[in-house]
Amino acid sequence: MTIFSIFREGSPGRRQVLSFLLGMAATACLVPSADAVDPNRAFSQYIVDRWTSKNGFPGRQVSVFAQTPDGYLWVGTTNGLFRFDGFNFVSAQELDPTSSSLTGVLGLMTDGYGTLWVRTQGAILRFHNGGFEDVTSELKAGSFITAMSQSIDGGVLLSSLHGEILHGRESFSSIATSARFQTALVIATAQTSDSKVWLGTRADGLFYVSNGRVVPVQGDLPDRKINSLLPMKDGTLWIGTDAGLAFWNGVALSKKEVPPSLGRVHISALLQDRNGNIWISTPGGLARLGAKGLVLQEKTEPFIGEATTLFEDRDGNLWIGSAQGILLYQSGPGIRRGARWRR
C-alpha cells in the first residue's frame, strides 16, 4: 500500500486556536521523537507543512535556520530575522526595539553554550539577555565577516575580508592569516574532528588551516565555487560546489563515495541528520544519501524551489528554506508545537 504525503498549508487563524490547545497539553508531550524523519520512508510518505507569504511567513528568501535551547526556531532571511514558536513569526525588532536593523541575514548559529549568533551584511551580533549585542567592534577594525560556523570546541569561527580566520566566543583571536583571502573570498567554513578548519571560496576552490598554516586542497573539484561544507565525525568532509558534490576522505579528494547523479549538478546545501543520512539540495529537489543508497525527490512531491538551507531541529524534523518560504518534513502525525517550542 502506498502512503501519500499529507501536504498542509494551514491558515493563521487555525494556528492560533491550536496554539492554545497544544499549549495546555504541552506537559503531556515532553518526549521527543527518535525518528521524526524516518530514513526508511520515501519522500512521498512524509508529512509536509509549508509557510509562505500566502499563509503568514513574513520573510523573503530564507538564508539559514537555528534553534536555541528554549526551543524557539530562528529564521534568517534577506529581509530580516524572525523567531518562530510553531505558530507565529516574531521579528527581531519586535523582540528588541533598541537593536539595529537586522536585514540581510546571511548566517545564523548557536554555539556550544546555547548563544545565538547572527551574521548580517555588515555586522556580527549575539542574542544575550533578551537583546542583540553587536560584537563587530570586538573584531579587528574594519573587519567584514564573510563566513561563520561553529568550531568543534563549541566556539565560533569567522572569516574576514582582510584574509584573517578568527576563533573565539567571549573574545576572538586570529588562527591564520593569508593575503590570498583578500581576493579569494571565503564563503563557507567548517571544522573537522582532526581540528582542521576548512575554507570554501567563491571562485578559488578549497583550503584548510592546520597549525596556523593555510593549505590549498589539490585534486579534482567539480567546481571552484564552494557553496557548502559538511564535516563528519570521522574527519571526512562533504563539499557542495556549483557543479557537483565532492568528498574528502581524510587524506585526499575521492570520487568513489559520490553518486554519479550528484557529481555534475549544482549543490546549494548539505546536512547530516541524527541517523547519519546526508541530505543534499539540488535544482531538481532534495536527495538523501544513506545506508540504502541514494533516494531522489520525485517531481510530483511538494517543492518550493531549490533549497538555500537545510536544518534538523532537536526533535529530528527537517526544515527546508528557499526563495519561496519554508517546508517542514516529518514522519509523525503532526508537529508537536507545544512540546518542541516551549518546554
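The values are calculated or read from the model by the stated rules, or taken from the named source; none is laboratory data. Owing to the predicted nature of the structure, the values given are computational and were not obtained by experimental measurement. Cβ: placed from backbone, ideal geometry, glycine included. Neighbour counts: every protein chain shown. Each accessible area value is taken on the protein alone, full model and side chains, heavy atoms only, with ligands, DNA and RNA left out. Shrake-Rupley method; radii C 1.70, N 1.55, O 1.52, S 1.80 Å.
How much FRET efficiency would the formula 1/(1 + (r/R0)^6) give for THR68 and SER137, where r is the Cβ-Cβ distance and R0 is 25 Å, rounded to 0.05? With a Förster radius of 25 Å, E is 0.55. Of the GluC sites (Glu not before Pro) found in the range 137-209, those that fall in a DSSP loop while having at most 15 other beta-carbon atoms within 10 Å are GLU170.
Counting only heavy atoms of the protein chains, get the accessible area per residue of the range 138-208 (1.4 Å probe) and round it to a whole Å² value. Accessible surface, normalised per residue, equals 39 Å². Per-residue extension of 0.36 nm, minus the Cα-Cα distance of ASN79 and GLU170, leaves a gain of 30.0 nm for this segment. Rg and Dmax of the range 94-238, both derived from C-alpha coordinates alone, stand at 15.1, 50 Å.
Each semi-axis of the equivalent ellipsoid for the range 213-282 is √(5λ) with λ an eigenvalue of the Cα gyration tensor; in descending order they amount to 17, 16, 11 Å. Taking HIS128, HIS162 and ordering them by how much accessible surface each has at a 1.4 Å probe, largest first, produces HIS128, HIS162. When Rg and the Kirkwood radius Rh are both evaluated on Cα atoms of the range 152-245, their ratio Rg/Rh stands at 0.94. Among the GluC sites (Glu not before Pro) found in the range 258-315, those both in a DSSP coil and sparsely packed, with 15 or fewer other Cβ atoms within 10 Å of their Cβ, are GLU298.
Solvent-accessible surface of protein heavy atoms, probed at 1.4 angstrom with all chains present, puts ILE280, ILE175 in the order ILE175, ILE280, largest first. Listed by chain and number, the aspartates and glutamates whose C-alpha is less than 18 Å from the C-alpha of LYS54, apart from same-chain residues fewer than 8 away, are GLU9.
Please give the length that would be gained between LYS299 and THR183 if that part of the chain were fully extended, namely 0.36 nm times their separation in residues minus their C-alpha to C-alpha distance (nm, one decimal). Between LYS299 and THR183, full extension yields 37.8 nm more.
Normalising the Debye intensity of the range 168-324 to I(0), with uniform scatterers on Cα atoms only, and taking log10 at q = 0.10, 0.16, 0.18 Å⁻¹ returns -0.37, -0.92, -1.14. Straight Cα distances below 21 angstrom link LYS292 to the lysines LYS233, LYS255, LYS256, with same-chain residues fewer than 8 positions distant left out. Report in % the part of the accessible area of the range 89-239 that belongs to carbon and sulfur, leaving out ligands and nucleic acids; probe 1.4 Å. Here carbon and sulfur together make up 46 percent of the probe-accessible area. Computed from the C-beta positions of LEU161 and VAL90, the FRET efficiency with R₀ = 30 Å rounds to 0.40.
Treating cross-link reach as a plain straight distance, find the aspartates and glutamates whose alpha-carbon is under 13 Å from the alpha-carbon of LYS196, omitting any fewer than eight places away in the same chain. Those aspartates and glutamates meeting the cut-off are ASP153, ASP234. Volume per residue of the convex hull around the Cα atoms, evaluated for the range 54-96, comes out as 69 Å³.
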